[in-house]
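**Q** What follows is a single structure, and I will ask about it in a moment.
The values are calculated or read from the model by the stated rules, or taken from the named source; none is laboratory data. What you are looking at is a predicted structure, and each value in this text was computed from that prediction instead of being measured. No Cβ is skipped: glycine too gets one built from the backbone with ideal geometry, and neighbour counts run over all protein chains shown. These accessible areas exclude ligands, DNA and RNA; they are computed on the full protein's heavy atoms, side chains included. Shrake-Rupley method; radii C 1.70, N 1.55, O 1.52, S 1.80 Å.
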Amino acid sequence: MAYVALSDAEKTFILHGVEEDFRCDGRSRRDYRPMELETGLVSNASGSARLRLANTDILVGVKTEIEVPDPLTPEFGKLEFFVDCSANATPEFEGRGGSDLAQELVLSLQNAYESPLAFDYRTLCLIPGQQCWKLYIDILILECGGNLHDAVSLAAKAALFNTKLPRVTATLLDAGITDLIISDNPYDCTRIGIDTVPLLVTVCKIGDFCLVDPSAEEEVCSTVSMVVSVSMRNGEAFLSGTHLTGGGAMHRDTMRNCLQLGLSIGEHLDTLLAKMLRQEQERVGPKRPKTVGFLK
């Protein structure tokens, strides 16, 4: 979270706006700021996406490679997150200033993706116990304007939607050795299913009320926030993880209200993201050119 210096009068103004359900930018407590999404921006990555949530700007790239599965999970692939806080996002990120925030975001994403019900790692397995795909999800924070958890999870899910895995065929050689043949045709690829991929929803407590998508100024006025991980299964929203951020505490009833708000907002966000990804795919157009003559 980027530090923003606010006077007591400014904090009181923000608090009164939250109480009246009329925030400084005109939103209610359940509204998100304007969002822009682009995919396929990084040419040397298997998938990429850039998300801009008001003043928060996130760029995500996905790289793939083939590795040996873990002995304890021979039928599962691998997923690894890395977050880099650009020094241009805020002066506080210069040097190693953003390392703690980056580690917090990585742990939040790892906990959200940990459950096999949230992400199907079996789809990344090529040969059980021998070969599997490993995805490196690199996240770059270009600008910090509040609500990083939500923006990072939305951009990561969009990048996974854009990720293309080359088609792999296995041939059995002598002595039982299996050889993998990776297609070099950029259009002969498979996609990753993102239906159950979780989203993070930050529910921020300011005064006696809870709100979503806090701005940088609103985060300063909050003592505690709950990050709710929401995964969609069979058209219903399920809780796949949660944790608190900040130095404050929450009452049991407030925590219950935060969970309910996070689940409902997470379901709405997932529907909105799916619509944006369909529009982006239609804007880009057909992926495979029409072949003619001897190229068929």
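**Q** Distance between the C-alpha centers of segment 260-280 and segment 145-185? Whole Å please.
**A** So the two Cα centres are separated by 23 Å.
**Q** Another question, if that's okay. Suppose only helical runs count, i.e. DSSP H with n ≥ 4. What mean residue ellipticity at 222 nm does that imply for the chain under -39500 (n - 2.57) per run, divided by all residues and rounded to the nearest 500 deg cm²/dmol?
**A** That comes out to -9000 deg cm²/dmol.
**Q** Any idea what diffusion coefficient segment 8-282 gets from Stokes-Einstein, in µm²/s, Kirkwood Rh on alpha carbon pairs, 37 °C, 0.692 mPa s?
**A** Numbers: Rh = 19.9 Å.
Approximately 165 µm²/s, per Stokes-Einstein.
**Q** Amide H neighbours of D31 under 5 Å, counting only residues 5+ apart in sequence or on other chains, H built in-plane at 1.01 Å?
**A** V212
**Q** Next question. Per the 1.4 Å probe, what fraction of the accessible area of the chain, in percent, lies on carbon and sulfur atoms?
**A** Details: 8010 of 15550 Å².
Taking all protein chains in place, the chain shows 52 percent carbon and sulfur surface.
**Q** With springs only between Cα atoms under 10 Å apart, run a GNM on the chain and tell me which of K63, K205, K11 wobbles the most.
**A** Of K63, K205, K11, the most mobile in the Gaussian network model is K11.
**Q** With each label point set 7 Å from Cα along the Cα-Cβ vector, what nm distance links S264 and E20?
**A** In this crude label model, S264 to E20 measures out at 2.3 nm.
**Q** With a 10 Å cut-off between alpha carbons and a GNM built on the chain, which of D100, D179, D21 moves the most?
**A** Result for the chain, Cα springs under 10 Å: D179 fluctuates most.
**Q** Next up: If you take the Cα Rg of segment 118-193 and divide it by 2.2 N^0.38 Å, with N the number of residues, what do you get?
**A** Rounded to two decimals, the normalised Rg is 1.47.
**Q** On a full-extension model of 0.36 nm per residue, what is the gain between N55 and L272, subtracting their alpha-carbon distance, rounded to one decimal in nm?
**A** Length difference between fully extended and current span is 76.2 nm.
**Q** Can I ask one more? Using Cα springs under 10 Å in a Gaussian network model of the chain, which residue among G61, G146, G77 shows the largest mean-square fluctuation?
**A** Evaluated over the chain, the most mobile residue of the options is G77.
**Q** Moving on. Antiparallel DSSP bridges in the chain: what percent, to the nearest 5?
**A** In the chain, DSSP labels about 85 percent of beta bridges as antiparallel.
**Q** For a Förster distance of 45 Å, can you work out the FRET efficiency between the beta-carbons of D179 and Q110, rounded to the nearest 0.05?
**A** Once the sixth-power term is evaluated, E becomes 0.85.
**Q** Considering only F82, G47, F22, whose Cα is most displaced toward the positive end of the charge dipole of segment 1-88, charges sitting on Cβ of Lys, Arg (+1) and Asp, Glu (-1)?
**A** Value: F22.
**Q** Can I ask one more? Please report the spacing between the Cα centers of segment 190-204 and segment 241-259 in Å, no decimals.
**A** 21 Å
**Q** Can you find, among L154, L109, F93, the residue sitting farthest towards the positive end of the charge dipole of the chain, where Lys and Arg contribute +1 and Asp and Glu -1 at Cβ?
**A** L154
**Q** I've got another one for you. Please list the helices of the chain that count as membrane-span-like by this rule: a mean Kyte-Doolittle hydropathy of at least 0.0 together with Cα atoms stretching 20 Å or more along the helix axis, each helix being a complete DSSP H run.
**A** On the way: long enough: 99-113 (21 Å, 0.17); 148-162 (21 Å, 0.83); 252-284 (47 Å, -0.49).
What comes out of the filter, once short or polar helices are dropped, is 99-113, 148-162.
**Q** Of the cross-linked pairs K157/K275; K78/K164; K63/K275; K63/K157; K11/K157; K78/K157, which ones have a Cα-Cα span greater than 22 Å in the structure shown?
**A** K63/K275; K11/K157
**Q** About its Cα centre, how strong a charge dipole does segment 65-143 have in debye, to the nearest 20, once Lys and Arg get +1 and Asp and Glu get -1 at the Cβ?
**A** Dipole magnitude for segment 65-143 comes out near 280 debye.
**Q** Here's a follow-up. So for the pair R96, E236, with labels modelled 7 Å out along Cα→Cβ, what separation do we get in nm?
**A** 4.7 nm
**Q** Applying the Karplus parametrisation 6.51 cos²θ - 1.76 cosθ + 1.60 with θ = phi - 60° to the phi angles of segment 231-240, what ³J(HN,Hα) value in whole Hz is obtained for each residue in order, glycine and proline being reported as x?
**A** Running phi through 6.51 cos²θ - 1.76 cosθ + 1.60 with θ = phi - 60° gives 10, 9, 9, 6, x, 10, 8, 10, 7, 10 Hz.
**Q** Quick check on segment 83-232: what does the Kirkwood estimate of hydrodynamic radius come out to from the alpha carbon pairs, in Å?
**A** When all Cα pairs of segment 83-232 are included, the Kirkwood radius is 18.0 Å.
**Q** So, one more: Label-point separation (nm) for R283 and E65, each offset 7 Å from Cα along Cα-to-Cβ?
**A** 3.3 nm
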